[in-house]
Structures are given as structure tokens and as C-alpha cells.
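This report concerns only the one structure given below.
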Amino acid sequence: MLELLIAMAITGIVMAAVYSASKTQQDSYIAQEEVATMQQNVRSAMYYMEREIRMAGCHPTQKKGISPGFVTAGPNTINFTLDINNDSDTGNPDGDVGDANENIIYALADNDGDGDLDFERNSNLIAENIDALDFVYYDNANPPAILDDDGAGNVAANINRIKSVEVTIIARVGRGDREYRDRGNRKDINNNVNDFKYRNRHGRVILDLSPTNGDNFRRRVLTTVINCRNL
């Protein structure tokens, strides 16, 4: 009986160790899968914007009466027009901006009604689980100067001076990790750490997690500057 109890105890210890190792590997696999999906989402969102914002203001026919370019330039949404299509949708410019894919709006919205923000192009879902979308606008000076008409990132009076756009996207995983705590950017512009906030390159807060002292979602930040060829 004593030998049996000892054998059962040893078996229990071994099984607990095997389960712990298996659980750790499974959690790691799930976390990596979530991160891979998140990175694909943020790259997909940036790909769409880079391709189309670069073409903002395209006007190859030079017909009078239209002036393609930025319609709205805000810190969280952007609307611009370009002439790249015609009424027959054959991809030939026809001198107006009323055809398919010629009036573009990028913004965040809860497209699928699940309570989480998604990245949209003309109200069509492009990427899920995008927590922040930030735009900064530059003129054509050397070096470029930031255009900000109201101090909040909106450009209206100087919208025709926009030459390039800095885009920052923050994506997150679809499932949280109980062992992880998101503390925001590693450092802010004053070298402070762990303040549970995400900022763009200029120090503007674009995602604030401080009310809840962070959460257990992993995030990625992607930033690029897009030069508008036709403005």
C-alpha cells in the first residue's frame, strides 16, 4: 500500500508538470497566432491608405470645373478625391470625381456591432481591432511644417497646402492575455514611462488606457509618412 501511494504521488507530480508545460506551450501558440493576425491587420490598413492617399488630387485630364484633393483633413478621419475612373468603371480618368473609388473616406467605426472599433474605407470594413487612427498633415516647406488650424489636428483653412500625410495606426489582438499588462508607449516625449498612453511621434495622445490602468491586450503601432504626388 505504501509503495502504491508513493507511485501515485510521483505520477501525479509528473502529470502536473506535463500539463503545466503543455498549457504554457498552448498559451504561447495562441498568443503568437493573435499577434500574427494583428500585424496582418495593421499592415493591410496601412497598405490601403498608402496606395490611395499618395494619389490624392490626381487630375490627369486637367479639365476645368473640378479640383481633386482633400475634402476633410482631421486627426482621426480623412476624405479626399481623385480622378482615376469613368462612368463605365474601366479605370480611365474622365474629368470628374463622381465615379467609383474617386471619393475616399478613411475612418474608425464599429462596423460589425461588436463594440470594438474597426478600420473602414467608405463604410466598408478593411481591418478589425484597430484602436487608433491618427493623421498629421504637412506642407511643402523645407523642412515640412505641420498644418494644424485649430490646435487639435484639424486642417480646414489651409487644406489646399497639404503635401504629405503622416499616418499612425494602433492595432490590438482579438483576445487578451491574463499574464500581460499594456502600459502604452514605452516612453513619452518627457521620457516618462508606464503612463498607459499611446502617442504619435509629436507627443499627441492618440489612445488613453489610463482610466483602467491599462488592459491585457497586446498592441502594435505602425507609422509612415505618405507624400501626395499630385498636390
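Every read-out reported here was derived from the displayed coordinates using simple, explicitly stated rules and does not represent laboratory data. No experiment lies behind these values; they were computed from the predicted model shown. Here the Cβ positions follow ideal geometry from the backbone for every residue, glycine too, while neighbour counts run over all protein chains shown.
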Given (i) 178; (ii) 114; (iii) 123, the label whose value is volume of the Cα convex hull per residue in Å³ derived from this model: (i)
Distance between modelled label sites at ARG54 and SER210, nm, 7 Å Cα→Cβ extension: 3.8 nm
Linear extension gain, THR90 paired with THR77, 0.36 nm per residue minus alpha-carbon span: 1.8 nm
13 Å beta-carbon shell around ILE53, net charge (K/R +1, D/E -1): +2
Proximal charge balance of THR224 [Cβ under 10 Å; K/R count +1, D/E count -1]: -2
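I'd like the FRET efficiency for VAL14 and ASP114, computed as 1/(1 + (r/R0)^6) with the beta carbon distance as r and R0 of 41 Å, rounded to 0.05.
On the way: r = 42 Å, r/R0 = 1.04.
FRET efficiency, VAL14 to ASP114: 0.45.
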Ranked list, fewest to most other Cβ atoms within 10 Å of each Cβ, for MET8, MET55: MET8, MET55
Helix-only [θ]222 nm of the chain, DSSP H runs n ≥ 4, -39500 (n - 2.57) each, per residue, nearest 500: -8500 deg cm²/dmol
Ranking of THR11, THR81, THR37 by count of other Cβ atoms within 10 Å, fewest first: THR11, THR37, THR81
Gain on full stretching of the segment that runs from ALA21 to ARG229 - 0.36 nm per residue minus C-alpha separation: 69.5 nm
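Quick check: residue separation of TYR47 and ARG220 times 0.36 nm, minus the Cα distance between them. What number comes out in nm? Working shown, then result.
Numbers: separation 173, 0.36 × 173 = 62.28 nm, distance 1.55 nm.
Extra length available between TYR47 and ARG220 comes to 60.7 nm.
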Taking LYS64, LYS197 and counting other C-beta atoms within 10 Å, the order from fewest to most: LYS64, LYS197
Acute angle (nearest 10 degrees) that the helix 2-53 long axis makes with the longest principal axis of the chain, alpha-carbon atoms: 0 degrees
Among 209-215, 41-47, 222-228, the order from most to least packed when residues are scored by Cβ within 10 Å on average: 41-47, 222-228, 209-215
Magnitude of the charge dipole, the chain, Cβ model with Lys/Arg +1 and Asp/Glu -1, debye to 20: 960 debye
